[in-house]
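Bear in mind these aren't lab numbers, they're just calculated from the coordinates by the rules spelled out. Since this is a predicted model, take the numbers as computed values, not measurements. We place every Cβ from the backbone using ideal geometry, glycine too, and count neighbours over all the protein chains shown.
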Amino acid sequence: MSELNDQWRSNGAVLLPEDLVAAAEWEEIAAEAQACAPDAFDRVNEREGLQPQRNGSITSPQRCRAHPGGPALKALATSARVLDLAREATGEASLVPVRWGLKLYEPGDFMALHRDDVRCTITLSTGLIGDLGVMGWVPSLRAADSTTVVEYAEQHGLHPDEEEPLPIPYRQLQGFDGWAIPHHRPPFEHDFGVLATLCYCAL
Ligand SMILES: O=C(O)CCC(=O)C(=O)O
Ligand SMILES: [Fe+2]
């Protein structure tokens, strides 16, 4: 059994090796993200509270800007070396990249407690620009049904911090089980940050 798979199974989170992506490649992806910023669109959900979806995901209030990124981000998301490690970590040989994109955070932007789309067997996140700090999450609810997650939010709020947060490293890929584990982005406290997320689905 691999070390990455051990981490995945016990924590639902797996930090990919720091040297997986060269500094020059990160630089190119970050420069591309900077160039995309003026064309980013608003990503706003003003419905109150958590909204469980029929497919098992849970949407919730959020505010930020987003952009699908350009060819450098696509090259990373679809590269064999990243895919191989995502497959090793999850133990899912059929994993394929399904979508990727940028989230641009400004002061006060946030994403309340939610569960990702059902196609996100594993999500890989990294800070491209700025300090992305930590993501709040509740790994103890990994196996919980949606009603339990909604009740948890009613009790602990939309940004619960009872459990250890998950650091989102700068230019290093942090994998997590965002479909099963409820997670959230607390209100952003820095001037500007760009997060890249890559999503892989087991067919
Ligand atoms: O800002 C983050 O780190 C989390 C973003 C997130 O959960 C999402 O895009 O689904
Ligand atoms: Fe998410």
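Here's the yes/no breakdown for (1) more than 19 Å from the chain's Cα centre (by Cα); (2) surrounded by fewer than 17 Cβ atoms within 10 Å (Cβ to Cβ); (3) hydrophobic (A, V, I, L, M, F, W, C):
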residue: Asn5; (1), (2), (3): no, yes, no
residue: Ala23; (1), (2), (3): yes, yes, yes
residue: Ala33; (1), (2), (3): no, no, yes
residue: Phe41; (1), (2), (3): no, yes, yes
residue: Arg54; (1), (2), (3): yes, yes, no
residue: Pro71; (1), (2), (3): yes, yes, no
residue: Pro97; (1), (2), (3): no, no, no
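Scan region 9-21 for residues that are surrounded by 13 or more Cβ atoms within 10 Å (Cβ to Cβ) and closer than 18 Å to Asp131 by Cα and the total you get is 1.
Under the condition of being in a loop (DSSP other than H, G, I, E, B) and free of Cβ contacts under 8 Å to residues at least 60 places away in the same chain, which residue from region 40-50 is nearest to Leu102 (Cα to Cα)?
So, considering only residues that are in a loop (DSSP other than H, G, I, E, B) and free of Cβ contacts under 8 Å to residues at least 60 places away in the same chain, the one nearest to Leu102 (Cα to Cα) is Glu46.
Pairing residues of region 118-130 that are β-branched (Val, Ile, Thr) with residues that are within 12 Å of ligand 2 (Cβ to nearest atom) and not in a loop (DSSP other than H, G, I, E, B), at Cβ distances under 6 Å and at least 6 apart in sequence or on separate chains, gives Thr123/Phe176; Thr123/Thr197; Thr123/Cys199.
Of the residues making up region 1-26, those that are part of a helix (DSSP H, G or I), closer than 18 Å to Arg81 by Cα and without any contact (Cβ under 8 Å) to a residue 24 or more places away in the chain are Glu3, Asp19, Ala24.
For region 99-118, the set of residues classified as within 15 Å of the chain's Cα centre (by Cα) and more than 12 Å from ligand 1 (Cβ to nearest atom) consists of Val118 only. For region 51-90, give me each residue that is of a type outside the set (A, V, I, L, M), assigned to a strand (DSSP E or B) and within 20 Å of Gly127 (Cβ to Cβ). Correct list: Gln62, Arg63, Cys64, Arg65, His67. Criterion applied to Gly133, Gly157, Gly127, Gly178 was being over 17 Å from the mean Cα position of the chain (by Cα) and of a type in the set (Gly, Ala, Ser), and the one residue passing it is Gly157.
Among the conditions (1) buried (at least 17 other Cβ atoms within 10 Å of the Cβ); (2) in contact with a Lys or Arg (Cβ under 6 Å, 6 or more places away or on another chain), the only one that Arg87 does not satisfy is (2).
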